[in-house]
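Asks: Next up is a structure, given as structure tokens.
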Amino acid sequence: MLNIVLFGPPGAGKGTQSERLIEKYDLVHLSTGDIFRANIKGETELGQLAKSYMDKGQLVPDSLTIDLLKSEVIKHNEPKGFIFDGFPRTNNQASALDQLLDSMGTSIKMMLSLDVGEDELKKRLLKRAEVSGRADDANPSIIENRIAVYKRETAPVKSYYADQNKFFGIDGMGSVDDITKRLFDSIDAN
Ligand code: ADP
């Protein structure tokens, strides 16, 4: 299986690039953010709980997120692979993912990490707010908090994969097509 972690700060373009990758490599896209938002829309108990964290730009607790991710992974019967988008966001989540995949006789092939400067991230998130209707994109102080949480809790996950020689940094600045090409090249070369 081709299992990829698509990584990067909020607004780095993970969702946009995931669409390109699933099409080219015939993968299943699992975005924990999308799954939480679907639960909020469907007014489930999980959605209500997740919303209380997301609206403040905080991480949803690991236990909840890991259980949710597992239940989504096992829904798919013999996929060619998964793109994990927005997961793992903590080292705890990364080791839970390794255990889950190991129990299925597979593993993460690579982490592709999109590098985007902070000013550009803020611009992209505010622009996305105009169409997404996401409260966490529209408010500059919540954006600041998401970026701070990313630096403190999520960026360390890079070392988790670097230690396994699975880390690949990708320049996430420039046109969507240019970035897609860099991702394809990195996957095809490894
Ligand atoms: P972005 O990467 O642009 O911030 P996401 O849709 O990936 O957007 O995430 C939105 C919010 O959902 C996060 O700020 C966080 O509150 C919550 N979330 C998503 N994935 C996770 C995760 N793996 N662990 C904890 N919280 C998460």
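Asks: Let me check I've understood the local charge: for D137, count other residues with C-beta under 13 angstrom from its C-beta, Lys and Arg +1, Asp and Glu -1. What total comes out?
Replies: Taking every other residue near D137 into account, the sum is +4.
Asks: In whole angstrom, note down how far apart the Cα centers of the stretch 93-127 and the stretch 71-91 are.
Replies: 11 Å
Asks: Further question: Determine which lysines satisfy two conditions relative to K51: a Cα distance under 27 Å, and not lying fewer than 8 residues away in the same chain.
Replies: Straight-line reach from K51, under 27 Å: K14, K41, K70, K75, K122, K123, K127, K151, K158.
Asks: Note down the relative contact order for the stretch 56-139 as a percent, whole number, built from C-alpha pairs under 8 angstrom at least six residues apart.
Replies: The value is 23 percent.
Asks: Counting only other residues whose beta carbon sits under 14 Å from that of R128, what net charge do I get with K and R as +1, D and E as -1?
Replies: +3
Asks: What is the order of H76, H29, fewest Cβ neighbours within 10 Å to most?
Replies: Going from sparsest to densest Cβ surroundings: H76, H29.
Asks: Pairs of alpha-carbon atoms within less than 8 angstrom and 6+ residues apart define the contacts here; what relative contact order does the chain have, in percent?
Replies: About 32 percent, as a whole number.
Asks: Please turn the phi angles of the stretch 166-177 into ³J(HN,Hα) values with the Karplus equation 6.51 cos²θ - 1.76 cosθ + 1.60 (θ = phi - 60°), one per residue in order, whole Hz, x for glycine and proline.
Replies: The phi angles translate into 10, 8, 10, x, 10, 5, x, 9, x, 7, 4, 5 Hz.
Asks: Another question, then. Amide H of H29 versus every other amide H placed in the peptide plane: which residues, excluding those fewer than 5 positions away on the same chain, fall under 5 Å?
Replies: Those lying under 5 Å, H to H, from H29 are I83.
Asks: Applying the Karplus parametrisation 6.51 cos²θ - 1.76 cosθ + 1.60 with θ = phi - 60° to the phi angles of the stretch 11-23, what ³J(HN,Hα) value in whole Hz is obtained for each residue in order, glycine and proline being reported as x?
Replies: Taking θ as phi minus 60°, the curve returns x, 6, x, 5, x, 4, 6, 4, 4, 5, 5, 5, 5 Hz for the stretch 11-23.
Asks: In the Gaussian network model of the chain, springs joining C-alpha atoms below 10 Å, which of A12, A129, A155 carries the largest mean-square fluctuation?
Replies: Comparing A12, A129, A155 in the GNM, the peak value goes to A129.
Asks: Let me ask something additional. Once you treat every alpha carbon in the stretch 109-190 as an equal point and sum by Debye, what is log10 I(q)/I(0) at q = 0.13, 0.24 Å⁻¹?
Replies: -0.52, -1.15
Asks: What is the fewest-to-most order of V131, V5, V28, V157 by other Cβ atoms lying within 10 Å of their Cβ?
Replies: By the 10 Å Cβ count, ascending, the order reads V131, V28, V157, V5.
Asks: Pop out the ³J(HN,Hα) list for the stretch 153-162 in order, Karplus 6.51 cos²θ - 1.76 cosθ + 1.60 with θ = phi - 60°, rounded to Hz; leave Gly and Pro as x.
Replies: Coupling constants for the stretch 153-162: 9, 9, 3, x, 5, 4, 5, 4, 7, 4 Hz.
Asks: Mean residue ellipticity at 222 nm from the helices of the chain, using -39,500 (n - 2.57) per DSSP H segment of n ≥ 4 over the full residue count, to the nearest 500 deg cm²/dmol?
Replies: -16500 deg cm²/dmol
Asks: If I take the Cα coordinates of the stretch 25-177 and project them onto the principal axes, what are the three extents in Å, biggest first?
Replies: Over the stretch 25-177, Cα extents along the principal axes are 43, 38, 29 Å.
Any read-out appearing in this document is the output of simple, stated calculations on the displayed coordinates, not a laboratory observation. What you see is a predicted model; the values in this text were computed from it and never measured. Cβ sites come from the backbone with ideal geometry, for glycine too, and all protein chains shown count toward neighbours.
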